[in-house]
Amino acid sequence: LTDTDRKHNPVAILEAFVTLVTTDSYCMGATVVARSLRRHGTTRRIVVMVTPDISEHSRFALENVFDEVIAVDVMDSKDRLHLSLLGRPELGITFTKIHCWTLTQYSKCVFLDADTLVLSNVDELFERDELSAAPDPGWPDCFNSGVFVFRPSLLTHTRLLDHGLQHGSFDGNTRLHAWKKKKNKL
């Protein structure tokens, strides 16, 4: 966004699309996410969180596409048993998404997995409440964490971490789902 765009649309500074890359191979997908958002005229910032395994070359490439590149540590559920039953050992690091709630420079965000392709303007997702997400068809008591709406908050981040430590999860989604149920009961 240009300075003129930001003056005429202050929401553009307060809200952001966020994605995460944990390997260099996901950088290309993340680039497609950012370019597809821009192609369809988003007025929001576009942010990528990167883990330490991302090469300097890949980070540089991401800096040319994203408004902000933010380094985060990998968080892994380490529940090898459940992940092996799913045949998806890579899902343990899905818990890294909980870093989203530390992005308190934004009032609201929409998370998009790095393998998401945006086919039209989806800025209306910012009108949804936290925590909005689609149900996961394979796990009816969970939601799909590939696309979700959230409000960054350090308190929420701490509560999610505490909930995960107390109740465990094999993929991070279960922790978010259980936390949402608990939050809605309050």
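Going by the conditions given, is VAL110 under 13 Å from PHE17 (Cα atoms), modelled with pLDDT of 95 or more, out of contact with any Cys (no Cβ under 8 Å at 6 or more places or on another chain) and not in a helix (DSSP H, G or I)? Full working, then the answer.
On the way: under 13 Å from PHE17 (Cα atoms): yes; modelled with pLDDT of 95 or more: yes; out of contact with any Cys (no Cβ under 8 Å at 6 or more places or on another chain): yes; not in a helix (DSSP H, G or I): yes.
Yes, satisfied.
Only residues that are within 14 Å of the chain's Cα centre (by Cα) and surrounded by fewer than 18 Cβ atoms within 10 Å (Cβ to Cβ): list them for segment 100-124, please. So that I can check it myself, show each step before the final result.
First, pick out the residues of segment 100-124 that are within 14 Å of the chain's Cα centre (by Cα): 100-104, 106, 108-116.
Across segment 100-124, the qualifying residues are THR102, THR104, ASP115.
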- [ ] Residues being at pLDDT 85 or above, among the polar types (S, T, N, Q) and part of a loop (DSSP other than H, G, I, E, B): count how many of those fall in segment 126-173.
- [x] 1
Open item on the list: Kindly evaluate LYS97 against the criterion of being of a type in the set (Lys, Arg) and either surrounded by fewer than 13 Cβ atoms within 10 Å (Cβ to Cβ) or at pLDDT below 95 (or both).
Closed with: yes
Open item on the list: I'd like to know if segment 113-125 contains one or more residues that are touching a Cys at 6+ places or on another chain (Cβ under 9 Å), modelled with pLDDT of 95 or more and not in a loop (DSSP other than H, G, I, E, B).
Closed with: no
- [ ] Only residues in segment 57-68 that are touching a residue at least 24 places away in the same chain (Cβ under 8 Å) count as the first member; pair them with residues that are in a loop (DSSP other than H, G, I, E, B), Cβ under 7 angstrom, at least 6 apart or cross-chain, and list the lot.
- [x] SER58/ASP24
TODO: Scan segment 97-113 and report the pairs whose first residue is closer than 8 Å to PHE150 by Cα and whose second residue is crowded, with 23+ Cβ neighbours inside 10 Å and small (Gly, Ala, Ser), with Cβ atoms within less than 6 Å and a gap of 6+ or a chain change.
DONE: CYS109/ALA16
Task: helices (runs of 4 or more DSSP H) (entirely within segment 1-70) containing at least 2 residues that are among the small types (Gly, Ala, Ser), surrounded by 22 or more Cβ atoms within 10 Å (Cβ to Cβ) and at pLDDT 95 or above - done: 25-39
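The values are calculated or read from the model by the stated rules, or taken from the named source; none is laboratory data. Note that the coordinates shown come from a computational prediction; the quantities given were computed from them, not determined experimentally. Don't worry about glycine lacking a Cβ; one is built from the backbone with ideal geometry, like all the others, and counts go over all protein chains shown.
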